1. Using 5 Å bins from zero, what percent of all Cα-Cα pairs in segment 305-361 falls into each bin?
2. So how strong a dipole does the chain carry about its Cα centre when Lys and Arg Cβ are +1 and Asp and Glu Cβ are -1, to the nearest 20 debye?
3. Given a cut-off of under 8 Å on Cα pairs at least six residues apart, what relative contact order in percent is computed for the chain?
4. About its Cα centre, what dipole magnitude does segment 276-415 give when the only charges are +1 on Lys and Arg Cβ and -1 on Asp and Glu Cβ, stated in debye to the nearest 20?
5. Per residue of the chain, what 222 nm ellipticity follows from adding -39500 (n - 2.57) for every DSSP H run with n ≥ 4, rounded to the nearest 500?
6. Could you grab the relative contact order for segment 270-419? Cα pairs under 8 Å, six or more apart, rounded to a whole percent.
7. Pick out which of Thr211, Thr425, Thr400 has the largest mean-square fluctuation in a Gaussian network model of the chain, springs linking Cα atoms closer than 10 Å.
8. Could you size up the charge dipole of segment 149-258 around its Cα centre, putting +1 on the beta carbon of Lys and Arg and -1 on that of Asp and Glu, and report it in debye to the nearest 20?
Amino acid sequence: MNARRVAEPETVEIIDLTDDGRGVAHPPGKVLFVHGALPGETVRVVRGRRRRGYDEARIDAVLEPAPERVSPGCAHFDVCGGCSLQHLAPASQRELKQRRLLRLFDDAGVAPESVFDPIAAEPWRYRRRARLGVRYVAGKGRVLVGFRERFKPYIAVLDSCPVLAPPADGLLTPLGELIGSLSIYNRLPQVEVCVADERTALVLRVLDPPTDEDRAALRAFEAEQDVDVWLQSGGPDTIRPLGPEPPDLSYRLSDFDLEFCFGPTDFIQVNAAVNARMVVRAIELLAPAAGDRVLDLFCGIGNFSLALARAGAHVTGVELAAPLVARARSNARRNGIDSARFEVADLFRDEGDWDWAGRPYDAVLLDPARAGAGPALGAVAGTGAGRVVYVSCNPETLATDAAVLVRDHGFRLAGAGVIDMFPHTAHLESIALFERSV
């Protein structure tokens, strides 16, 4: 029997970073991707997984570090897959993302006339939404709760998480102990965390109903940790509170004197501080005058719509999910706003079903999901709007849509920049301003 070959360490120079934050080396043979390595570094590595066009490797030692290298702020960084860039200084992370955004625009044949300063805030304990894996590990005799290991399907062993917002950052071990005490400990695969301004909700995905003893343990955990526990037995419509309906979750946008209420699984932006600055930037770019008609597509619970209304605009918000539209309407009433109306529409279907299409607007705000706003761009151009602000969670579709607006609909890309919504990760959000050329 042939013994399995053990990879020998080799020394390589890192010349670039992939879009997901891995170092790139070009030794003889195949390209090498190295997690945790930075451009300009000389590192000793050991090859691991081998692919058709490249190999992956882990660092054995950093021989010549880059000046941008910093010590990761989390003891679990080398194992946990929740973050990929903690070894790179936050300002350098943003520069990396800005370069990637500009490269994608260039590949699409467009270029912003100006590059905005990044929208950023404190890079630690920012994450108010997270989906955590749960698994009972017999070899460890315990339930693990957290993010998955890097490049592996296992749950990382974490005692805390410095990117989760308090109190979620310290709940991983208590949650594991709680779930391990339940009769359904191996039938509970996921916990969704939502940290609001005043309350924290935990949505437990349960594949079997909890017993009376389980419910008693969950109620005790609620009281001890001051959280609201919800149970989800199936799809989103099966989410129910453990006990009586708790008060709504909420967050504030103090710059506009607004308070938003939302449910534990409603979409909100992950980073509260960055969201507040992003909304301010969007309103500044759109610069609505009193009485301007503004269209907010993919409006969610009204995060941008109500701020635009506070700035004096008459706003039409459009969203596919009827429950989110109901939330947006409720939030408008809660904040005493009567200059914002909301419609339910599928913006990826035929525009004949869109009530807003064909109406004139002065400005448009787009905040689509990863698929982009492509199908709606023609109708957006048809509104006659002179300015469009596009907030994107996917730079590839933003670049594609930018090319369509510029090439086919007479806009110019006046400016763009990154939004550092997810520090220490390679995830890139951005904001762009389009203005009519004529």
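Values quoted throughout were computed directly from the atomic coordinates according to the rules given, and no laboratory measurement underlies them. Treat the numbers as computed from the prediction; the structure is a model and nothing was measured. As a convention, Cβ positions derive from the backbone with ideal geometry for all residues, glycine included, and neighbour counts pool all protein chains shown.
1. P(r) over segment 305-361, rounded to whole percents: 4, 20, 27, 22, 17, 8, 2.
2. Computed charge dipole of the chain: roughly 1120 debye.
3. This gives 13 percent for the chain.
4. Details: 15 positive and 16 negative charges, 106 e Å.
The calculated dipole for segment 276-415 is roughly 520 debye.
5. -7000 deg cm²/dmol
6. Normalised by residue count, the contact order of segment 270-419 is 20 percent.
7. Thr211
8. Working: 9 positive and 20 negative charges, 99 e Å.
Computed about the Cα centre, the dipole is about 480 debye.
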